[in-house]
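Note sheet for the following structure.
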Amino acid sequence: MESRRVPPPRTITDPKVRQVGFFTPTPTSGSYNPTSNLEYYDAAFGKLASSLPTGGVGFHLTTVSTLLGDAAKDGGATVETRKDRSNSSKPLKEKTTKGERRAQQEAQRAAKAAAKAEGSKTPAPAAINPGKATKVPSVMKDNVAAPDKRSRERPTDKDRKKDVPHPRMQFDDKTRVEKAKKRSVVKQTEARNRVELFRHLPQYEHGTRFPELESKFFQVDPVHPAVYTVGLKYLAGDISGGNARCIAMLEAFQDSIKDYTTPPEKVLIRDLTAKINSYVSFLIECRPLSVTMGNAIRFLKTRIAKLPLTISESEAKTTLVSAIDNFINDKIILGDKVIVKHAVTKIRDGDVLLTYGSCSAIEMILLHAHELGKQFRVVVVDSRPKLEGQLLLRRLVSKGINCTYTHINAISYVMHEATRVFLGASSVLSNGTVYSRVGTACIAMVAHQFHVPVLICCEAYKFHERVQLDSICSNELGDQDTIAKVSGRKDVNYLDDCTNNDNLQLLNLIYDSTPSDYISMIITDYGMIPPTSVPVIVREYSGEHLWL
């Protein structure tokens, strides 16, 4: 039996030539012509070597340099032409030192900065320190302007950071809380017995901040008096509801813009934006912002940023005041009228309409349907501690509408009578979750169990791209004493002596999240849509289209 042939050892002729093996017939066969078969080996280069074994009968491993050397003996001219062509098609990259690479990067940065300053598309040549060797390869020289061109087509990192919502303040971070206290206008006292699950939310003693703020009314320089007055009303609870809070804030901003004067050596756009930021910080200290207020603030800042640099101060102030008026009229007042027009079509004679709490849009819908002569009955469900449903009940009864009043603990008893459920919303998030007053999720889940359709009435400017799956990560805590006391009933205030007990923790949540599975339809000023279409509204009408 013939012994297995051992391939000859690999020989390296040039360190820059990559040693790649492939299979060739043995020279003893007598039929091998390197010059005639050079095209075949060039086509099979790198393919046969990886698919067949390195050893075998009739094959041996040959390096590229050996093959080219053998071919040069028979046909030198053909092989030299082939080698020259391969060298020209794949130039070798020159090696550079660390100092040369650093100098090259500095040259590219200087070129980009010069091109950006001149406003030209081609970067200007930058001056390089002659003390350093700057040996830049030709390939890198050709690609210097490419990154600058691509960066101009897409928004810069600074612009993208403006669109990203600011992270919420985490009040369980002691370092950030101490820094916020130093620059805060409102001095707040932390609650004694804080709920551990909600330590990331602000928990303060209510009623301790209002007298101090009233005494500082004429002492706080950075805050405009109109904004200061609105903040006091937020703190006292005189202004509640998403639309009412947003309108009050925008009207206060209007008054501050009318009284604004650009300081010397200042630019109106930047200085006015800084003023608005200080006002927003003060309002947050009085009460956390709602989603509607956040969207309105973003709209106003966008308007300020888009003001031309050549515009006069009076024209800029007139433009901003007019823009705020258009926002209030188009997105809030007219938006409610469009919602009423769509929602009335869902009310039929003999319906029993169930609603929860008090919502301005729901009240307008019920009153307009009654004016059209439709016969229906309203079930008003209410809950402590605010008992907002009593205000809605009084207005409906005064208009002659047949109503029933009950508390949320009897919702399963009255739900079997209802044919429609109309609910308001503080916000609708991108995943279809409805963010509304606490108890809304309970009403929607009971209605879903009884197969009663749930209709959410919400303006489009309340839509937000945020996604929320629970009511813990983002929420607002109300006054703890309101759930421990019953107004007008001193005989049932059993917790008067227990509120300061270290073993008792009172929790008064303001909002909750209703999953989209329990919602049948969302009625907006853009029409009636299912919860799954909320991302479409957010995507198509957000930014320029939604806020103009």
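The values are calculated or read from the model by the stated rules, or taken from the named source; none is laboratory data. Since the model is a prediction, treat every value here as computed from it, not as a measurement. Here Cβ is always computed from backbone atoms with ideal geometry, including for glycine, and neighbour counts include all displayed protein chains. Calculation scope for accessible area: heavy atoms of the full protein, side chains included, ligands and nucleic acids excluded. Shrake-Rupley method; radii C 1.70, N 1.55, O 1.52, S 1.80 Å.
Among the residues of the range 515-532, those identified as surrounded by 16 or more Cβ atoms within 10 Å (Cβ to Cβ) and of a type in the set (Gly, Ala, Ser) are 516, 520.
Conditions (1) closer than 30 Å to residue 386 by Cα; (2) at pLDDT 75 or above; (3) open to solvent by less than 70 Å² (accessible area, probe 1.4 Å), marked per residue:
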{"site": "196", "(1), (2), (3)": "yes, no, no"}
{"site": "200", "(1), (2), (3)": "yes, no, yes"}
{"site": "210", "(1), (2), (3)": "yes, no, yes"}
{"site": "218", "(1), (2), (3)": "no, no, no"}
{"site": "224", "(1), (2), (3)": "no, yes, yes"}
{"site": "227", "(1), (2), (3)": "yes, yes, yes"}
{"site": "235", "(1), (2), (3)": "yes, yes, yes"}
{"site": "254", "(1), (2), (3)": "no, yes, yes"}
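For (1) open to solvent by less than 20 Å² (accessible area, probe 1.4 Å); (2) outside any helix (DSSP H, G or I); (3) in contact (Cβ under 8 Å) with a residue 24 or more places away in the chain, each residue gets a yes or a no:
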position	(1), (2), (3)
296	yes, no, yes
303	no, no, no
309	no, yes, yes
315	no, no, no
319	no, no, no
332	yes, no, yes
338	no, no, yes
342	no, no, yes
349	no, yes, yes
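Could you tell me whether residue 292 is of a type outside the set (A, V, I, L, M, F, W, C), over 15 Å from residue 233 (Cα atoms) and open to solvent by 40 Å² or more (accessible area, probe 1.4 Å)? Judged against the criteria, residue 292 is not a match. Evaluation of residue 462 against the conditions (1) in contact with a Phe, Trp or Tyr (Cβ under 7 Å, 6 or more places away or on another chain); (2) open to solvent by less than 30 Å² (accessible area, probe 1.4 Å) shows that the sole unmet condition is (1).
Among the residues making up the range 513-548, those that are assigned to a loop (DSSP other than H, G, I, E, B), over 20 Å from residue 474 (Cβ atoms) and modelled with pLDDT of 85 or more are 520, 525, 526, 530. Residues of the range 378-426 that are at positive phi and surrounded by 14 or more Cβ atoms within 10 Å (Cβ to Cβ): 387 alone.
Annotation note: of 393, 423, the sole residue that is in contact with a Phe, Trp or Tyr (Cβ under 7 Å, 6 or more places away or on another chain) and part of a strand (DSSP E or B) is 423.
Scanning the range 280-327 for residues that are aromatic (Phe, Trp, Tyr) and closer than 21 Å to residue 201 by Cα gives a single hit, 282.
Can you name every residue in the range 363-377 that is open to solvent by 80 Å² or more (accessible area, probe 1.4 Å) and in contact (Cβ under 8 Å) with a residue 60 or more places away in the chain?
Restricting attention to the range 363-377, the residues satisfying the condition of being open to solvent by 80 Å² or more (accessible area, probe 1.4 Å) are 371-372, 375.
Of everything in the range 363-377, nothing turns out to be open to solvent by 80 Å² or more (accessible area, probe 1.4 Å) and in contact (Cβ under 8 Å) with a residue 60 or more places away in the chain.
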